[in-house]
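Have a look at the structure below before the remarks.
The values are calculated or read from the model by the stated rules, or taken from the named source; none is laboratory data. Computed from a prediction, not measured in an experiment: that's the story for all the values here. We place every Cβ from the backbone using ideal geometry, glycine too, and count neighbours over all the protein chains shown.
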Amino acid sequence: MLKKIILFPFGGNAREAAVIIKQMNNAHKEWEILGFLDDDKRAWGKDYLGIKVLGGKEVLNQHPDARILAVPGNPAQYLQRKGIIDGLAVEESRFTQAIHPSAIISSDSKVGINSLIMANVVVTSHVTIGDHCIILPNTTVSHDSVVGNCCCIGSNVSISGGVRIGENSYIGSGSRIREQIQIGANTLVGLGSNVVSNIGKEIIVVGNPAKLLNRE
């Protein structure tokens with residue numbers, strides 16, 4: 001019997017997750033995608049690849065046996081991700097994960113619950129990816145690095161060995177992070193930045209080398 005899954009919300013990440021799950025099924029038929037959920041009623045009834053937006057989070061009560069992949073996240077809302085996911089008010093055991101068949105995850109690395117790993121991601125030895133994380137295509141996370149809970153890592157990012165990224169952070173696409181760097185929680189690294197020194201928490205950095213963004 002196929003396992004049932006619901007995707008939330010009806011955004012780009014969830015649509016990409018639907019594609020990944022279909023490709024996972026091509027290799028090994030495992031999942032039945034019941035549909036998407038979204039808090040925005042204007043999305044209800046919309047369709048993507050034959051998969052409908054079923055309604056809001058109340059639909060979860062109608063399918064108590066369904067697993068959930070909740071993947072909100074964009075640079076404008078990265079600080080809200082944990083609250084949005086917690087707002088589903090479901091048992092932790094209902095969350096699952098989706099890893100694209102082309103991703104390479106070392107056997108001694110760990111990927112947390114409700115995490116989405118997209119195409120051609122490489123996770124090398126002894127890496128920890130926390131819960132509720134998203135890693136976009138063609139990104140490399142090198143040995144002994146730790147990505148905290150609720151982080152979003154963009155596409156074509158290079159994370160060198162021994163890096164620590166604090167929870168609820170967002171690393172923009174095309175960024176490069178030098179070995180042994182520490183990045184504080186709730187921090188955004190802008191697109192294409194080169195991080196060559198430690199970064200504090202709750203700030204935005206951009207550039208080459210990455211520096212504090214002047215928001216005045």
Of the residues in region 129-166 that are out of contact with any Lys or Arg (no Cβ under 8 Å at 6 or more places or on another chain) and among the polar types (S, T, N, Q), the one that is surrounded by the fewest Cβ atoms within 10 Å (Cβ to Cβ) is 156
Return only the number of the condition from (1) at pLDDT 95 or above; (2) surrounded by fewer than 19 Cβ atoms within 10 Å (Cβ to Cβ); (3) acidic (Asp, Glu) that residue 216 does not satisfy.
(1)
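This table checks each residue for (1) buried (at least 21 other Cβ atoms within 10 Å of the Cβ); (2) closer than 30 Å to residue 203 by Cα; (3) touching a residue at least 40 places away in the same chain (Cβ under 8 Å).
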site	(1), (2), (3)
16	no, yes, yes
25	no, no, no
43	no, no, no
46	no, no, no
49	no, no, no
72	yes, yes, yes
88	no, yes, yes
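Restricting to region 189-215, name every residue that is touching a residue at least 12 places away in the same chain (Cβ under 8 Å) and not in a loop (DSSP other than H, G, I, E, B).
189, 194, 195, 199, 204, 205, 206
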